[in-house]
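First comes the structure, then the notes that go with it.
The values are calculated or read from the model by the stated rules, or taken from the named source; none is laboratory data. Only a predicted model underlies this, so the values are computations on that prediction, with no experimental measurement involved. Note that we place each Cβ from the backbone using ideal geometry, even for glycine, and neighbour counts take in every protein chain shown.
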Amino acid sequence: MLQKIGAFLGGLLVGLLATGLLMLFISEPRGTPVVLVPPPTPGPIQVHVAGAVMNPGVYELPSGSIARQAIEKAGGALDNAAIDWINLAATLSDGEQLTVPIHAEPGDPTSVSHPEGQSPSKDPLNINTATAPELERLPGIGPSLAQKIVENRDKYGPFEKVEDITRVSGIGPAKFEQIRDLICVR
């Protein structure tokens with residue numbers, strides 16, 4: 001008799017499992033389907049283009065734009081622009097100022113003047129003590145980049161040598177060459 005009860009319970013268990021699996025496969029899905037939404041598209045950025053360009057001003061550019069695109073948006077560089085002092089492939093950030101320097105004499109690439117009264121002083125600027133407004137006087141350094149320099153210095157400590165300023169996002173080799181002789185560390 002115990003054998004009959006065991007066989008009955010085994011059969012009942014197999015029947016219940018089979019019924020459960022059958023119901024699982026034929027039932028309609030419940031709930032709402034998960035819909036994957038693409039990440040939001042970054043909005044446009046505002047860039048101040050100044051110096052030796054046809055139409056200096058603030059321009060709206062797509063996120064991820066480079067310096068060359070900003071100069072084109074401003075009508076292109078003037079004939080006396082020292083365009084080789086700028087990293088044309090540098091990615092711009094919102095609120096950045098891009099200053100195109102002017103050759104002091106047309107055709108003389110070794111003599112460059114800085115537009116909009118931004119001529120460097122005779123003494124190099126100490127990047128370890130300079131305020132953001134003082135840093136903005138350097139060619140190619142706008143309010144956004146000046147603030148990044150101050151924040152980097154506050155977060156990671158003083159710069160040990162002038163080359164250390166390249167650890168700041170937005171200061172690549174071309175921009176560094178533009179300001180190398182105008183800065184110092186003490």
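For region 41-55, the tally of residues that are within 10 Å of L98 (Cβ to Cβ) and more than 15 Å from the chain's Cα centre (by Cα) stands at 5. Condition check: under 21 Å from I179 (Cβ atoms) and either in the same structural domain as I141 (by TED's automatic domain parsing) or of a type in the set (D, E, K, R) (or both). Does R30 satisfy that? It is false that R30 is under 21 Å from I179 (Cβ atoms) and either in the same structural domain as I141 (by TED's automatic domain parsing) or of a type in the set (D, E, K, R) (or both).
Against the test of being charged (D, E, K, R), at pLDDT below 95 and surrounded by 15 or more Cβ atoms within 10 Å (Cβ to Cβ), the options E96, E105 yield a single qualifying residue, E96. Take E177 and tell me if it is modelled with pLDDT of 90 or more and surrounded by fewer than 17 Cβ atoms within 10 Å (Cβ to Cβ). Criteria not met by E177. If you go through region 1-59 and keep only what is of a type in the set (V, I, T) and touching a residue at least 24 places away in the same chain (Cβ under 8 Å), you end up with I45, V47, V49, V53. If the condition is being among the β-branched types (V, I, T) and part of a loop (DSSP other than H, G, I, E, B), then region 127-163 contributes I127, T129, T131, I141.
Within region 147-168, restricting attention to residues that are surrounded by 11 or more Cβ atoms within 10 Å (Cβ to Cβ) and touching a residue at least 24 places away in the same chain (Cβ under 8 Å), the residue that is nearest to the chain's Cα centre (by Cα) is I165.
In region 47-92, of all residues being in a strand (DSSP E or B) and of a type in the set (S, T, Y), the one that is modelled with the lowest pLDDT corresponds to T91.
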